[in-house]
Amino acid sequence: MIIALGESIVVTGATTSHLSLTAGRLLAFAFAFLATAALWWLYFSLVAAITQRRLALAPNRTGMARDAFTYLHVAIVGAIIVGAVGDELVIAHPTAELRGAELAAVVAGPAAYLLSLVALRLRMAGTIAGRRVTGGLACVAVAALASVLPALAIAGLLLAILVAVILGDEWAAARRRARGEPSPLERLEATAPRQPASYEYDDT
């Protein structure tokens, strides 16, 4: 995940450096960087820790590890790569109208990322991540505006959706803390079976 996110920043930076810098391209690069940071936050703020802990506590670790860290993470990393391609397109043509495959690349990256996180949570916890479902569908809906908005505006809307999902998570966490309720990771730790204590025996 770190490598994929880092490479996406490198690619967008390299793309920007080979083009004449305009206000639109600089803003497109800023959107791309912030979107990558949002993807990082959405995964590493809580998803990674809960996924690892659920795997450690699972009775069927082999199957869960195969599904979560092979198949589903391939989808997540693939979404990051598609998102980087979309960022390149927006940086290269910030004022152009997106159509066809170009529009699909720009929109599919963040949409597939959010929906892949939904699938990961469903596999690991058996629950639906409502905010990520809503965010993923909102990203797809943005494609309908491509005929009236330039690429830069589409990228800005997609970034706004990612930020909205993050803010929704933070708002929910703040409300949970105000009520004195534990976080999902704390609840998971509280329900985890206790490890048997280890003892040292003196044979003398």
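Here are a few things to note about the model shown:
- Computed FRET value (nearest 0.05) for L19 with T70, which takes r as the C-beta separation and R₀ as 30 Å: 0.20
- Across the chain, the convex hull enclosing all Cα atoms gives 159 Å³ per residue.
- Here I3 and A174 are evaluated by their C-beta separation; at R0 = 41 Å the FRET efficiency comes out at 0.80.
- Mean ellipticity per residue at 222 nm, deg cm²/dmol - from DSSP H runs of n ≥ 4 across the chain, formula -39500 (n - 2.57): -24500 deg cm²/dmol
- Angle in degrees between helix 23-44 and the longest Cα principal axis of the chain, rounded to the nearest 10: 10 degrees
- The calculated FRET efficiency for the pair A101 and L137, based on their C-beta separation and a Förster distance of 22 Å, comes to about 0.55.
- Normalised by the number of residues in the chain, the mean separation of alpha-carbon contacts (under 8 Å, six or more apart) gives a relative contact order of 24 percent.
- Average projection area in nm² (convex hull over Cα atoms of the stretch 27-147, one quarter of hull surface): 7.5 nm²
FYI, it's all coordinate maths here, none of it is from the lab. None of these values were measured; they are calculated from a predicted model. All Cβ positions, even for glycine, are placed from backbone atoms using ideal geometry, and neighbour counts span all protein chains on display.
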